[in-house]
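Written out below as structure tokens is the structure these notes cover.
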Amino acid sequence: MILRDFTENDIERLIAILNDGTVIQYLSTKIPFPYTKEDAIWWVKEGSKSELIKAISVDGILVGCIGINTGEFEYERSGEIGYWLASSHWRRGITSMAIRQLSEYAFSNTHIVRLFASVFSGNIPSMQLLIKSGFQQEAILERSIFKNGHFYNNHIFSLLKPL
């Protein structure tokens, strides 16, 4: 598993992965559905152009994405981490490796001292993954997510930069 920048060779894989209902079930609606070729082209050429957004690649093939959105103003020392992985690659330790790599990079190369993740209630595998990766649950924000006609609780997990 390596983290790398997105390339035009990833466009077809992006479309396939992000049109899988099991992958997008608990993702933000910022990711369009259905996911079109135009969406994938925009992502490769513009949307993913941040040092803290990376493609997850296994054997040279795109299998996922991980990124950190840095906060602004008084939240500039915090970053929200998010990720998704092709369902064909679930439960192989790939995302936990990606989380560790990107977290270590962010703590060593940016001014970020706190990472946090927001997880939909019901997404137990993601909660377990974050705990396995050293995150701790901080809060549950009740009915704070509304997606596709349903309310979800938002489980907040965090990881602090070691002192």
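The convex hull of the Cα atoms of the chain, projected and averaged over all directions, covers 9.6 nm². When you restrict to C-alpha pairs under 8 Å that are six or more residues apart and normalise by the size of the range 45-121, the relative contact order lands at 27 percent. Taking 13, 92, 77 in turn, the Gaussian network model of the chain (Cα-Cα springs below 10 Å) assigns the largest fluctuation to 92. List the aspartates and glutamates whose Cα lies under 15 Å from the Cα of residue 49, skipping any in the same chain that are fewer than 8 positions away. Candidates past the 8-residue exclusion: 5, 8, 10, 39. Of all lysines in the structure, the ones whose alpha carbon falls short of 19 Å from that of residue 45, not counting any fewer than 8 places away in one chain, are 30, 37, 54. Considering only 78, 144, 96, the mean-square fluctuation computed in a Gaussian network model of the chain, springs between alpha carbons under 10 angstrom, is largest for 144. Taking each DSSP H run with n ≥ 4 as -39500 (n - 2.57) and averaging over every residue of the chain yields -7000 deg cm²/dmol at 222 nm.
The local environment of residue 77, defined by Cβ-Cβ distances under 15 Å, has a net charge of -2 under the rule Lys, Arg +1 and Asp, Glu -1. Full extension of the chain segment joining residue 114 with residue 97 gains 4.3 nm, where the gain is 0.36 nm per residue of separation less the Cα-Cα distance.
Throughout, read-outs are computed from the coordinates displayed, never taken from laboratory work. None of these values were measured; they are calculated from a predicted model. Positions of Cβ are backbone-derived with ideal geometry, glycine not excepted, and every protein chain shown enters the neighbour counts.
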